[in-house]
1. Could you please report the charge total around A:HIS15, scoring K, R as +1 and D, E as -1 over all other residues with beta-carbon less than 15 angstrom from its beta-carbon?
2. Simple spin-label model, 7 Å along Cα-to-Cβ: B:ILE206 to A:ARG120 in nm?
3. R0 = 25 Å: FRET efficiency of B:LEU198 with B:PHE47, Cβ-based, nearest 0.05?
4. As a check on your grasp of the helix formula, calculate [θ] at 222 nm for chain B: sum -39500 (n - 2.57) over DSSP H runs of n ≥ 4, divide by the residue count, round to the nearest 500.
5. Heavy-atom accessible area of B:GLU188 with all protein chains present, probe 1.4 Å, nearest 10 Å²?
6. Roughly how much accessible area, to the nearest 100 Å², goes out of reach of solvent when A and B pair up, both sides summed, probe 1.4 Å?
7. What is the percent carbon and sulfur in the accessible area of region B:77-218, measuring with a 1.4 Å probe over the protein chains and ignoring ligands?
8. Counting only the heavy atoms of the protein chains, how much of B:LEU147 is accessible to a 1.4 Å probe, in Å² to the nearest 10?
Amino acid sequence: MMKLENIWFSYESKHYVLKNINLEISRKITLVKGPNGSGKTTLLKIASLLLRPEKGRVIVDGISYWEANRKTREFLRKKIVYVHERPYLFKGTVFENLTYPLKIRGKSVKHVYEVAKKFRILDILETDVSKLSAGMKQLTALARAFVFKPKYVLLDEPLANLDDKNRGEVIKLIEEYAKEGISIIIAVHGNVSFSKDAVAKIVYLNDGVITKIVQYS
Amino acid sequence: MNELVYEIITIAIRSFWVSGLAIALATTWSIPISILLTVLKNRVTVFLQDLFNALISLPTVVLGLFLYLILSKSGPLSFLGILYTPLAISIGQSILITPILVSMVTSSFQSLKEEAWETALTLGASEIQASLALIREGLPLLIRAVLAGFNRALGELGVALIVGGNIKGYTRVMTTTIALELAKGNFELAIYLGVLLLISSTAITIAIRSIGVRGVYK
């Protein structure tokens, strides 16, 4: 389980972007909704351990991340993947990108083909990423995030660059992964139609404050 | 004529060798420094970055004088016995070009930090693995900085003259030869070497531009 406890954060100014955030992420999908500038991306960056909160604790599987030693931090970080709204792909081919998380963990790359097939990018595995469209880049980044089945996946506007057909497919895939036990946090600013079975809660964020949490059984 | 050609070739080879060693030395410490300045963003690293930026314009004669004082017989590093050797020139040039390398590489890495570094971390990389990803992604920009540093080392005079001593057949490089031959009124060798230096510098500048453009826009 991941817990955000009394999180406060500001970017080099007195204006807090997040104010006293308390959130538990345990299973299925957690949707974080809010208008642009409400603090969704910052919340995801804190949960993905990229940003250190000014106040408060980020607890991953019972361990307070920022109070842990370097080795424990690296161990915890390996459980979490964050996909940026405009994901960055490393120079090289789609295949090289998909194998990166596996290689740094010393794992076999044989699952790459299975995941690539699910995300419909099997045909472009040998394509250089500089030649991909924005939608294909998004699909590659999503496939790269799920390729080693992490415990937590944090997605910032994952459907932003996708057409309607791919949107539906990606929603289905995310729901599938959630059912397999991956805890997924998704930041969105519009309406997204995930099935209620797959969603654990919807968190409404406005001006850095959680205004409402809707829990699903 | 043959003697002149032979002299030009040996001086040019020595210049490239000495400045090549300087850039190799400077690169070994400039890359880790740049990674630290990119990753650790605090008051100290901001100050250090400003300091490196300011040191870019350090006059070569001032650095040469400083090195002479510490390498000469009464200096604290006299026991090394490297004053008036090609190694002393290489070390001096490596110090001279370190600020250029650090500034250029840090600014390149900073432009890639949010992309390559953070992406690697969010995929579970350790800080060392993320640093390697940063170097790999920034390689064209890194090569560009190395070439710029090499160009600067090749064309500097103060350090080579003061700590090298301009000894014929040993520490005499292109810039020191030009200065000496001009003083003697022997323009032929000075002009040939000047043209060679200009051609090398232009070729490197074109390479920098071509690599830079590809590195940024690819």
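1. Values: positive: A:LYS14, A:LYS19, A:LYS55; negative: A:GLU12, A:GLU54, A:ASP207.
Spelling it out: positives minus negatives among the neighbours equals 0.
2. Going by the 7 Å Cα→Cβ label model, 4.8 nm.
3. Details: r = 38 Å, r/R0 = 1.50.
Using R0 = 25 Å, I get an efficiency of 0.10.
4. Rounded to the nearest 500, the figure is -26500 deg cm²/dmol.
5. That residue has around 100 Å² of solvent-accessible surface.
6. Buried surface at the A/B interface: approximately 1900 Å².
7. Details: 4110 of 6110 Å².
Exposed carbon and sulfur together represent 67 percent of the surface.
8. The accessible area comes out at roughly 40 Å².
The values are calculated or read from the model by the stated rules, or taken from the named source; none is laboratory data. All of these numbers come straight from a predicted model, not from anything done at the bench. A quick note on method: Cβ atoms are made from the backbone with ideal geometry, for glycine too, and the neighbour counts reach across all protein chains shown. All accessible areas refer to the heavy atoms of the entire protein, side chains included, with ligands and DNA or RNA removed. Shrake-Rupley method; radii C 1.70, N 1.55, O 1.52, S 1.80 Å.
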